Amino acid sequence: MVTYNVIVSNTTDEIKKKLRLSGISTSMKSLESSEWIVYETENNELVGAAGIGGLFHSSSINVHEKFRGKGYGEDIQKRLIAEAKTKNFSFVTVFVDPRNTASTIMHDKVGYKTIFRIHYSSDIIQDVKIIILKRKGVLVEGFLKLFNTKIGMFCLGCLLKVFRGFFKNIIGYNEQISPIPSLKHIIQNFEKI
């Protein structure tokens with residue numbers, strides 16, 4: 001008999017260890033920076049996890065390779081959104097590589113809306129998406145829409161260069177090396193959403 005569990009937990013050292021042992025946080029270190037996570041198990045094996053962290057309540061999600069394409073990501077993301085509502089969050093954001101079609105479809109399906117796209121460098125493209133949970137989230141959405149203009153994108157590029165060392169606190173970013181933004185590349189490849 002298969003047993004499934006969806007668990008919500010603060011991101012403790014024990015949880016980080018579980019994420020590392022499963023290999024989930026190896027490719028998605030940002031999960032370890034999350035304030036709290038939602039993770040799902042099948043027969044006590046970690047299937048996937050999603051977490052929220054940073055000033056912009058950024059969500060990260062990763063599903064173990066052998067469980068992908070079975071709806072687990074959507075289930076985990078829906079539970080994360082429900083928990084964010086319970087915790088009185090006004091919004092949740094997510095950064096999705098638009099070339100990752102499965103992730104884009106899943107996030108759109110659960111209600112995220114693309115606000116802007118940034119061509120951070122030659123190999124990093126991110127769609128910034130938001131889901132509004134309360135009226136205050138509309139203000140954040142309005143602020144983020146400012147970056148959907150060439151002038152706004154220039155300002156964002158400058159901010160990214162200046163505050164690169166603070167990514168962990170601003171967006172819950174915890175990869176080993178923060179990529180260096182190319183302002184020229186950001187502006188030359190601007191796409192209005």
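Values in this text are rule-based calculations from the coordinates and carry no lab data. Because the structure is a prediction, the values reported are computed rather than measured. Quick reminder, even Gly has a Cβ in these numbers, built from the backbone with ideal geometry, and neighbours come from all protein chains shown.
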As a quick test, which of the pairs Lys16/Lys184; Lys87/Lys109; Lys16/Lys145; Lys29/Lys85; Lys29/Lys150 have an alpha carbon distance above 26 angstrom in this structure? Lys16/Lys184; Lys16/Lys145; Lys29/Lys150
For the chain, projected area of the alpha-carbon convex hull averaged over all directions, nm²: 10.7
In deg cm²/dmol, rounded to the nearest 500, the helical mean residue ellipticity at 222 nm of the chain, built from -39500 (n - 2.57) for every DSSP H run of length 4 or more, is -10500 deg cm²/dmol
Counting Lys and Arg as +1 and Asp and Glu as -1, what is the net charge of the other residues whose Cβ lies under 15 Å from the Cβ of Lys66? -2
Could you compute the FRET efficiency for Lys113 and Asn43, with r as their C-beta to C-beta distance and R0 at 30 Å, rounded to 0.05? 0.25
